[in-house]
Each structure stands twice: as structure tokens, then as C-alpha cells.
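Structure record follows, encoded as C-alpha cells.
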Ligand code: GRF
């Protein structure tokens, strides 16, 4: 395949984005992060992008209240940068169907649990880790999967486990899972490349 031109979608702090920025500089895969898109104007992920000299875009439903306009703004940005891989790294919104269909098999998402467990509606952020601890499971982990029309559903590319320890609270578990997210997301992009 030709060189990867990657768009990362992120809503928050963007530590997963940072892990991709860091490896992309080491030539681990043949490609570059060409754009970062956030629905949240205050997302530190946008700041990380700017600091790395990557084009940063705030595209939200608030900024573009017309659905069509919102979708076409995303599509236009992806086309302008000749994007051939989208990575959802802590993107808290559903990607519009038009984008999912146009970039089928070219969209990866990272989820902080072992899908298909603890996925779907309401299963995001700290909620996921709370649910894992409440269930009594002794193992959790992270998953990178392809994105299709159904939330947290597409084909799984990589999963890795971490233990759930007896004195864990959701925050402690989240921190342990996040560490392996930072490893498997760059690995998944390399596999894709
Ligand atoms: C990660 O746990 C990711 O799996 C989830 O949201 C969190 C984002 O963290 N979808 P960050 O913004 O990459 O630091």
C-alpha cells in the first residue's frame, strides 16, 4: 500500500495520540499523522497536535449544527489530507455513517477493555473500568478493532490483557490499561501499514 496518511480523532487528553506521534517519528511504519480532529475545542489532543506541527481541527455539532455541514466538513478535511487510515483514539462521539461507509476497513478504534465484553452504549471512559471491577473479573485489557456501523463491534486486530488487582479502583485499573493502550495502538497501525 502507499504511504499511510493518518487522521486521528480524539476528544480528550490525547495520550494515545501522543503514543502514535512518538512512534511515527521513529519510522516504525511508513506514514505520518496528517491531521487531528476533535469535537472538543478544549481537548489537549489538539494542543499535542499543534505542538507536533500536525494540522489540528475542531469539528463539532455545536460549530456545525447542520448535520450535512458537519459531515461534509469531516469528509473535506479527510480528503484534503488524502487520509487513508482513520484512528479513533478516545473519540467520544459516533463517527457519522457516511464516514464509516466511505472509509470501511480503514478505521481503527481503541477500547479500554477486552471486547466483546464491556462494549456498546454507555461503555466509555471510567464507566468501563467500574463495570469490570463490579463484575469481579480478574482480567481486563485493551482492544484495537476495525470500526463498522455498530458501536464497539468490528473485527478485532489486537487485544492485550492486564490483571485486575484486589485493591483496584476504576482509576488504578484505567491507568494500568492505558499503559498497554499506548503499546498496542502503534502496533495496530504498524500491522495495518
Ligand atoms: C482511552 O482509555 C481510550 O481507550 C478511550 O478513551 C481513553 C482516551 O485516553 N476510548 P487519551 O485521550 O488517549 O489519553
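Would you mind checking region 1-43 for residues with the amide N under 18 Å from a putative spin-label position 7 Å along Cα→C-beta of residue 50?
8-15, 17-18, 34-43
At a 10 Å Cβ-Cβ cut-off, how would you order 15, 161, 143, fewest neighbours first? Can you show the working numbers first?
Details: 15 18, 161 13, 143 24.
Ascending number of Cβ neighbours within 10 Å: 161, 15, 143.
Tell me the angle of helix 126-135 to the major Cα principal axis of the chain, expressed in degrees between 0 and 90 and rounded to the nearest ten.
Relative to the chain, helix 126-135 is tipped by roughly 30 degrees.
Quote the Stokes-Einstein diffusion coefficient, in whole µm² s⁻¹, for region 4-192, based on the Kirkwood radius over alpha carbon pairs, a temperature of 25 °C and a viscosity of 0.890 mPa s.
On the way: Rh = 16.7 Å.
This corresponds to a translational diffusion coefficient of 147 µm²/s.
Among 27, 137, which comes first, then next, by fewest other beta-carbon atoms within 10 Å? Display every interim value, and only then the final one.
Values: 27 8, 137 14.
In increasing order of surrounding Cβ atoms, one gets 27, 137.
Which value in nm describes the separation of the simple spin-label points at residue 66 and residue 149, placed 7 Å from the Cα toward the beta carbon?
Between residue 66 and residue 149, the label points sit 2.6 nm apart.
Using Cα pairs closer than 8 Å and at least 6 residues apart in sequence, work out the relative contact order for the chain, in percent.
21
Could you calculate the contour length gain from residue 187 to residue 80, that is, 0.36 nm times the residue separation minus the distance between their Cα atoms, to one decimal place in nm?
Values: separation 107, 0.36 × 107 = 38.52 nm, distance 2.62 nm.
So the chain would gain 35.9 nm between residue 187 and residue 80.
How much length, in nm to one decimal, is gained on full extension between residue 156 and residue 169, taken as 0.36 nm per residue of separation minus their Cα-Cα distance? All intermediate terms of the calculation are to be shown ahead of the outcome.
On the way: separation 13, 0.36 × 13 = 4.68 nm, distance 2.70 nm.
This chain segment gains 2.0 nm when fully extended.
Considering every pair of different Cα atoms, what Kirkwood radius, in Å, is found for region 30-104? Can you show the working numbers first?
On the way: mean 1/r = 0.0776 Å⁻¹.
That comes to 12.9 Å for region 30-104.
Neighbouring Cβ atoms within 10 Å as the yardstick, rank 138, 48 fewest first. Write out the running numbers ahead of the final one.
Details: 138 11, 48 20.
By the 10 Å Cβ count, ascending, the order reads 138, 48.
Quickly estimate the mean residue ellipticity at 222 nm for the chain, helices only: each DSSP H run with n ≥ 4 gives -39500 (n - 2.57), and the total goes over all residues, rounded to 500.
Taken over the chain, the calculation gives -11500 deg cm²/dmol.
The numbers here are math on the coordinates, done by the rules we state, and not lab data. This is a predicted model, so every value here is computed, not measured. Every residue, glycine as well, gets a Cβ built from its backbone with ideal geometry; the counts of neighbours run over all protein chains shown.
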